[in-house]
Amino acid sequence: MAEENEIIIKLESLTKRYGYGDAASYALKDFDLTVKRGEFIMIMGPSGCGKTTLLNIIGLLDAPTSGVYLLNNEPASRISARRQARLRSKKIGFIFQNFNLIPDLPIIENVALPLVYSGYHKTRRLIRASEVLDRFNLKEKEYYMPFQLSGGQQQRAAIARAIVSGPEIILADEPTGNLDSHSSSLVMEELKRIHSEGNTIIMVTHNPTLTKYATRVINMLDGAIDTDIKTVKDSDLPVPVASRKKKPQKSLKKQKKSKNKKKKGKK
Amino acid sequence: MSLLLKTHYELAKSSLRQNRTRSFLTCLGIGIGVASIILILSLMGSISSLISSQVSQMGSDLIVVRPSSTRSTVDSVVNELTSSTQYLKSNLTLKDVSLIEKLNNVSSVAPLAVSVNSLQGDDFVPSATIVGTNANFLKIQNLTLKSGTFLREDAKTNTAVIGAGLANDLYGTDEPIGKSLTLLGSRFIIVGVLSKVDDPINFNNLDLDSSLFVSAKVLNQIDNSLQIQQINVRATNTDGIEDTVNLIRETLIASKAGDTNFSVLYGEEITHPAGTLFSIISGTLAIVAGVSLIVGGIGVMNIMLVSVSERTHEIGVRKAVGASFSNIFLQFLFEALILTLTGGFFGLALAYVLAFLISLVTPFAPYISWEILAVSFLTSFADGLIFGLYPAIKAAKKNPISSLKFWG
């Protein structure tokens, strides 16, 4: 079990500075963090303490000014931009406070978006997106446009998008910030369920009542960790369920290829 | 890779659909540019094929002798346009005509000494085309007379044959036989009228309907500076035509003491000077039309830049969920290409509708060739590529974090 919960993210004296000289301000300063697979981390702290910057760096959207970020033991600085993009589509799922659905695309295509960039055929994309939406009780709203959905429904669609390609890490930036308490608890239940399947979740929030869902609560102050409390032992963290380890579904092309291989093998 | 391209194509198509009017107007800009180029190319093609078909109608036994090289440069063709200098340059003489007449396999020879002069008939025509030739001209050109006779070698007086159009200008009738006119101070009697040909574009560069035909010999006596622009020869036998061409060439070189400043042409080559002239004219026109293509391209770039800035947030979202630089770049480049290629397609259609309308009032039939199709495809493709490049790079370079904060 200990093997399953290997270190997935390791940050060593990570610094993110904006501006130079007298105008320099630090979003993160000598930040150290080790995240194990299956952790549900909640990051709290006042506005401007660097929470979002931290998520952006972990999500490979931003690069630190200095320090080391090891993603699956590989220095992120050595990962090419192209591979970083591929990792974002396959291994990392983003959930935002303002949902960030593309307003011109129907819900199903919004959910299928990460699959576009991991090489799935259109039919496969939509089938997979539909499956995930079904899980979030949004199947009958598949072809609605985002503006036709309530905030809670939009956020659930956004979560569906975040997990559609079966990522290992889910980064949520105040996912309940724009939601009422009912929608917010629905969303948290979804995240809890995703976590129980063995996913690693790092979530930024201002709401202290949500910490009950977390396995670890980090309080940040001025770009550094103030307090770091683990509420669940490492050994009790959920392990990835067998199905989670499987790829969702191969693209049609890949399937054809593997079929061809099989045929060739038979010959 | 093909899956990726197909995906980009789908993405581009759907985002263009969201702005139908804008996409249509942008296409229209490209379409008009492509249409003007295609229209010019089509007209040029139809003129060339018109001349070729005339030459093939004339028969494969036609040989033409022209002064100077027909492998013309732009300069020499422009000189032909400003014709007076060319008249002076001609080194063909009436002696050459009689030399060729005596050769084997030559059935008939007619010189063409074209000049422009004022004519006084019943009315005054300040500038008419005067063609100095001989009796064979009618036969060589396969022309028919509306009335009267053609020039005769044994004519005792100065006779002239008139084109139907010029007859109307000079006498107000197309039956002026027996009437007289004054050319270069000499009196000529009209003995024949040509049937209307309605062929303003031909390998002789002559509008036969508005020309006056007189004997080259008589013209030479009146005006010593007679210049022969062309000698038309009919061979007796088509089989040996290459030998005949060589024979004419050698005979002329020998008689001119080695002067090779003339060319002996047959078949397709005959159309060359006229073809080159039109190529240059239409080439110039096509360049002018190309300007409208650039304007259309700038329109595409403008719209793409607007689109990129409007969709900054979308770009941010796409990048956050895994779009790479090349994903975004290709998506926007494909949009530009779809715009210009669709525009090019409409332009092609528009050009042929216009070419058809033009063909109703002119002898130029719409002309389609794979070169024209290729030009329309390539120009619109290049337009999309060139003018779509910068917006696509701009889109792909956008920072995902600041893009996500952007709400257009």
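The values are calculated or read from the model by the stated rules, or taken from the named source; none is laboratory data. Not measured: the values here are computed from a predicted model. Note that we place each Cβ from the backbone using ideal geometry, even for glycine, and neighbour counts take in every protein chain shown.
Assess whether residue B:393 counts as being assigned to a helix (DSSP H, G or I) and either assigned by TED's automatic domain parsing to the domain that holds residue B:290 or not hydroxyl-bearing (Ser, Thr, Tyr) (or both).
Against the criterion (assigned to a helix (DSSP H, G or I) and either assigned by TED's automatic domain parsing to the domain that holds residue B:290 or not hydroxyl-bearing (Ser, Thr, Tyr) (or both)), residue B:393 qualifies.
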>> Can you list the helices (runs of 4 or more DSSP H) lying wholly within the range B:83-183 that have 2 or more residues being touching a Ser or Thr at 6+ places or on another chain (Cβ under 9 Å) and within 17 Å of residue B:220 (Cα to Cα)?
In response: B:84-89, B:94-101
> Can you tell me which residues in the range B:204-256 are closer than 21 Å to residue B:153 by Cβ, β-branched (Val, Ile, Thr) and in a helix (DSSP H, G or I)?
Replying inline: B:218, B:222
>> Just to check your reading of the model, which residue among B:41, B:3 is in a helix (DSSP H, G or I), within 21 Å of residue A:121 (Cβ to Cβ) and either hydrophobic (A, V, I, L, M, F, W, C) or outside the structural domain of residue B:301 (by TED's automatic domain parsing) (or both)?
In response: B:3
> If you take the residues of the range A:129-151 that are surrounded by 17 or more Cβ atoms within 10 Å (Cβ to Cβ) and within 18 Å of the chain's Cα centre (by Cα), which of them is modelled with the lowest pLDDT?
Replying inline: A:136
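Looking at B:334, B:329, B:325, B:346, which is the one that is within 11 Å of another protein chain (Cβ to nearest Cβ), of a type in the set (Phe, Trp, Tyr) and in contact (Cβ under 8 Å) with a residue 60 or more places away in the chain?
Values: B:334 fails: within 11 Å of another protein chain (Cβ to nearest Cβ); B:329 fails: within 11 Å of another protein chain (Cβ to nearest Cβ); B:346 fails: within 11 Å of another protein chain (Cβ to nearest Cβ).
Step by step, each of B:334, B:329, B:325, B:346 is checked, and only B:325 is within 11 Å of another protein chain (Cβ to nearest Cβ), of a type in the set (Phe, Trp, Tyr) and in contact (Cβ under 8 Å) with a residue 60 or more places away in the chain.
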> In the list A:161, A:125, which residue meets the criterion of being within 14 Å of another protein chain (Cβ to nearest Cβ), crowded, with 21+ Cβ neighbours inside 10 Å, over 14 Å from the mean Cα position of the chain (by Cα) and basic (Lys, Arg)?
Replying inline: A:125
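Can you pull out the residues in the range A:185-209 that are among the hydrophobic types (A, V, I, L, M, F, W, C) and not in a helix (DSSP H, G or I)? Even if it seems obvious, please write down each step before you answer.
Going residue by residue through the range A:185-209, those that are among the hydrophobic types (A, V, I, L, M, F, W, C) are A:186-188, A:191, A:194, A:201-204.
Listed by number, the residues that qualify are A:201, A:202, A:203, A:204.
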> Restricting to the range A:142-158, what's the tally of residues that are within 14 Å of another protein chain (Cβ to nearest Cβ), more than 13 Å from residue A:95 (Cβ to Cβ) and among the aliphatic types (A, V, I, L, M)?
Replying inline: 1
> Can you tell me which residue in the range A:128-141 is farthest from the other protein chains (Cβ to nearest Cβ), limited to those that are under 21 Å from residue A:189 (Cα atoms) and in contact with a helix residue (DSSP H, G or I) (Cβ under 7 Å, 6 or more places away or on another chain)?
Replying inline: A:139
> Considering only residues of the range B:380-408 that are surrounded by 21 or more Cβ atoms within 10 Å (Cβ to Cβ) and away from chain A (no Cβ under 14 Å), which is farthest from residue A:18 (Cα to Cα)?
Replying inline: B:380
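Would you check if residue A:35 is in contact (Cβ under 8 Å) with a residue 40 or more places away in the chain, more than 11 Å from every other protein chain (Cβ to nearest Cβ), over 18 Å from the mean Cα position of the chain (by Cα) and under 28 Å from residue A:239 (Cβ atoms)? Break it down into steps so the answer makes sense when it comes.
Working: in contact (Cβ under 8 Å) with a residue 40 or more places away in the chain: yes; more than 11 Å from every other protein chain (Cβ to nearest Cβ): yes; over 18 Å from the mean Cα position of the chain (by Cα): no; under 28 Å from residue A:239 (Cβ atoms): yes.
When the stated conditions are applied, residue A:35 does not pass them.
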> What pairs come up if the first residue lies in the range B:275-294 and is touching a residue at least 12 places away in the same chain (Cβ under 8 Å), the second is of a type in the set (Ser, Thr, Tyr) and buried (at least 16 other Cβ atoms within 10 Å of the Cβ), and their beta carbons are under 7 Å apart, counting only those six or more places apart or on different chains?
Replying inline: B:275/B:48; B:276/B:72; B:278/B:48; B:289/B:36; B:292/B:36; B:293/B:379
>> Suppose we keep only residues that are more than 8 Å from chain B (Cβ to nearest Cβ) and modelled with pLDDT of 90 or more within the range A:100-122. Which one would you say is surrounded by the most Cβ atoms within 10 Å (Cβ to Cβ)?
In response: A:111
> Which of the residues belonging to the range A:71-94 are surrounded by 16 or more Cβ atoms within 10 Å (Cβ to Cβ) and more than 9 Å from chain B (Cβ to nearest Cβ)?
Replying inline: A:71, A:76, A:79, A:91
>> Go through the range A:1-59 and report how many residues are buried (at least 18 other Cβ atoms within 10 Å of the Cβ) and either at positive phi or acidic (Asp, Glu) (or both).
In response: 4
> Is there a residue in the range A:215-236 that is at pLDDT below 80, of a type in the set (D, E, K, R) and under 18 Å from the mean Cα position of the chain (by Cα)?
Replying inline: no
> If you go through the range B:355-379 one residue at a time, how many are loosely packed, with under 14 Cβ neighbours inside 10 Å and assigned to a helix (DSSP H, G or I)?
Replying inline: 9
